[in-house]
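Working notes for the structure below.
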Amino acid sequence: MSAFDQLRAWIFDDTRARDLPARVRRSLAEQRERSEILIGWIQFAIVIFLASVFELAPMAQGVVQANYALEAEALVGYGAFCALRLVLAHRRRLAEWMLYLSVVVDIALLMFLIYSFHLKYDQSAAFVLKVPTLFYCFLFIALRALRFDA
């Protein structure tokens, strides 16, 4: 067994799941699928909420650089990703790699948006630590906790 296989077995330890009766494994899989649908709907609602706040809230006064206004494109792209994920979850075709990709995309998009704020408002990079949007990271962490995984 190679070092990579050992690492994979340690991270994705599924030996205990194989010891369970088929009825229990089926029940766990159904619960996992339902929780992924719930997570998908919550993510989609977050995108709609953030897009409406972005469109309806008044723009900040002062130095604002329009060149760095990437919020709309990022929200549209993330909305499309969430819609695809939701469709796959409803069809019960959400692969394991898609779940991992979803976590990476969630956090990468959020970090990109937060980082772009200091460019948009012409502030120092430390400005991103003052942005309350940083707390959305904890929202995505809480969403991932909704995934049922025995």
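Each value in this text was obtained by applying a stated rule to the coordinates, not by laboratory testing. What you see is a predicted model, and the numbers here were worked out from it, not measured in a lab. Cβ placement follows ideal geometry from the backbone for every residue including glycine, while neighbour counts extend to all protein chains displayed.
Some points to look at:
- Environment charge at Asp106 (Cβ cut-off 15 Å; Lys +1, Arg +1, Asp -1, Glu -1): +2
- Computing Kirkwood radius over Cα pairs in Å directly from the structure and comparing it against [x] 16.3; [y] 17.9; [z] 15.3 singles out [y].
- Put simply, when 89-96, 19-26 are sorted by average Cβ atoms within 10 angstrom per residue, most first, you get 89-96, 19-26.
- Within the chain, helices built from complete DSSP H runs that reach 24 Å or longer along their own axis (Cα positions) and carry a mean Kyte-Doolittle hydropathy of 0.0 or higher are 22-56, 71-90, 96-120.
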